[in-house]
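First up is the structure itself, then whatever we jot down about it.
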């Protein structure tokens, strides 16, 4: 009899699970520097192009990480990520273009619209 349960339902040995949850010192330092940069860089008179570029980098990194968690650890293929990502991005773009709101303020609204969209 074959195991027909989805990959996420299978349990890993405890040693493997513990090994996957540990952060290396390099990863901790990288995350710490990225968070520090998010706090410190906007305090200086940085051109808005660089702030927008950093915003796009971090949004795409979050999208890539969500795909990694679902597709890598869970073993599922989901193309719904692109739909919800597009819906949130479209919301931010419309609020920015037509109402003149800041994309940094409308990003949580885009996330809310994507979260409330029927799947």
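Read-outs: derived from the displayed coordinates by stated rules, not from any lab. What you are looking at is a predicted structure, and each value in this text was computed from that prediction instead of being measured.
Side notes on the structure shown:
- Prolate/oblate/rounded label for the range 26-119 (Cα gyration tensor, a/c 1.5): oblate
- Shape analysis of the range 32-71 places it in the oblate category; the axes a ≥ b ≥ c from the Cα gyration tensor give an a/c of at least 1.5, with a/b not above b/c.
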